[in-house]
Amino acid sequence: MKQDQAQKLRELYQRFNHGYQEKATKVVSITSGKGGVGKSNFALNFALSMIESGQKVVLIDLDIGMANLEILLGLNPAHHLIDMVKHKKDIWDVIEKGPNGLELISGGSSFNEILDLSDEDTDYLFSELGKLQGYADIILFDTGAGLSKESQRCHLAADEIILVTTPEPTAITDAYSVIKILHHQDSNLHVRLVVNRVANSKEGIAIANRVRAVTRQFLEKEIDILGYIPNDSFVFQAVLEQTPFYLKYPKSQASKWMKDIVNIYLHADAKNSSISGIKGFIQKISHLVKK
Ligand SMILES: Nc1ncnc2c1ncn2[C@@H]1O[C@H](COP(=O)(O)OP(=O)(O)OP(=O)(O)O)[C@@H](O)[C@H]1O
Ligand SMILES: [Mg+2]
């Protein structure tokens, strides 16, 4: 028996015999207003830190055509999300194994296939994603910059969104615009803010408080502050080396602060019981697609 077949059977066995179906699978969508603020690096290294804390994570690259995550990992996956839909592959066949137990579904790098999905394709995509219910603790969607129609649907259907900004005024303004647009479609949306590339924690706190004050004042919306990541040359270095900074440079400031974010995240999560999971995600997104 080929090794990957054996692995698949093992996973099936585990799912059906160890109560995986009962596990709540949280769906988190990562976004930003301005591009290039560090979403993909955040998504990848957050996933790795969550795994280190005992969480099972599936990371899905919805920035289709850009292959951000596979480049950051130095991987060249044989299959990707669109491939799964177009060739009716099983979701277990397109999950790529990354370092330290990371599981990745790549968006693929051929842009022209994207987003001309028929109703049948869309239903197939959702039914395959539905299989992840109970398989992982958390499904993380990394999306492209700004709000395309598709990424908006993903954010609105998710249990929560993590919004990444940097201290740059344009990034902050665009982050606020994202909150505003999404808030007008669903005022209950749970938003958590990460300020990336800060000079120090004081700057991070000041920026986060400013965004929080503005959303409170103009939208009467409360957002959570998840944390800060410093501007760290090790992040840049790790990108060049196509290795996640959390693995290559565990002692860097960026890795230490990421660990803090995960601790806060898991601690806050214990209090946060409203998880619709992947089934809820599929219900909501189907509704949004048919609107
Ligand atoms: N904390 C950081 N410290 C130093 N450099 C960083 C940090 N975060 C991100 N960068 C730099 O910013 C670049 C862009 O990061 P990344 O690709 O994660 O952004 P993105 O928001 O996913 O971009 P896109 O909108 O194009 O998807 C990285 O290649 C890295 O050089
Ligand atoms: Mg990206």
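The values are calculated or read from the model by the stated rules, or taken from the named source; none is laboratory data. Because the structure is a prediction, the values reported are computed rather than measured. Here the Cβ is made from the backbone with ideal geometry for all residues, glycine too, and neighbour counts use every protein chain on show. These area figures cover heavy atoms from the full protein model, side chains too; ligands, DNA and RNA do not enter into them. Shrake-Rupley method; radii C 1.70, N 1.55, O 1.52, S 1.80 Å.
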| request: Note down the net charge around Gly36, summing +1 for each Lys or Arg and -1 for each Asp or Glu among other residues with Cβ under 15 Å from its Cβ. | output: -1
| query | Once amide H atoms are built 1.01 Å from N in the peptide plane, which residues 5 or more positions from Lys221, or in another chain, come under 5 Å H to H? | reply | Arg216
| query | So for the pair Ser187, Lys131, with labels modelled 7 Å out along Cα→Cβ, what separation do we get in nm? | reply | 4.1 nm
| said: Students often forget the sequence filter, so: which lysines lie under 17 Å Cα-Cα from Lys279 once same-chain residues fewer than 8 apart are removed? | reply: Lys23, Lys26, Lys131, Lys290
| message | Computing the accessible area with a 1.4 Å probe over protein heavy atoms, can you report the carbon and sulfur percentage for the chain? | response | 51 percent
| remark: For the chain, the Kirkwood Rh over every pair of distinct alpha carbons, in Å, works out to 19.3 Å
| query | Using the Karplus equation 6.51 cos²θ - 1.76 cosθ + 1.60 (θ = phi - 60°), what ³J(HN,Hα) coupling, rounded to whole Hz, does each residue of the range 194-200 give in order, writing x for Gly and Pro? | reply | 10, 9, 9, 6, 7, 6, 6
| remark: Taking a crude spin-label model, label points 7 Å out from Cα along the C-beta direction, the His267 to Lys56 distance in nm is 2.7 nm
| query | Using 1/(1 + (r/R0)^6) with R0 = 41 angstrom and r between the beta carbons of Thr170 and Lys97, what's the FRET efficiency to the nearest 0.05? | reply | 0.60
| What's the longest bit of the chain with no exposed GluC sites (Glu not before Pro), using DSSP loop states and at most 15 other Cβ atoms within 10 Å as the test? | 1-219
| query | Using a cut-off of 22 Å between alpha-carbon atoms, which lysines can reach Lys34, once sequence neighbours fewer than 8 places away in the same chain are excluded? | reply | Lys149, Lys180, Lys221
| remark: Dividing the mean separation of Cα pairs under 8 Å (6+ apart) by the residue count of the chain yields a relative contact order in percent of 25 percent
| Is the range 142-291 rounded, prolate or oblate when judged by the Cα gyration tensor, a ≥ b ≥ c being the square roots of its eigenvalues, rounded requiring a/c under 1.5 and prolate requiring a/b larger than b/c? | prolate
| task | Would you pull out the residues with amide H under 5 Å of His190's amide H, same chain only if 5 or more places away, H placed 1.01 Å from N? | result | Ile161
| Hey, rough spin-label estimate for Glu120 and Arg210, points 7 angstrom out along Cα→Cβ, what's it come to in nanometres? | 5.2 nm
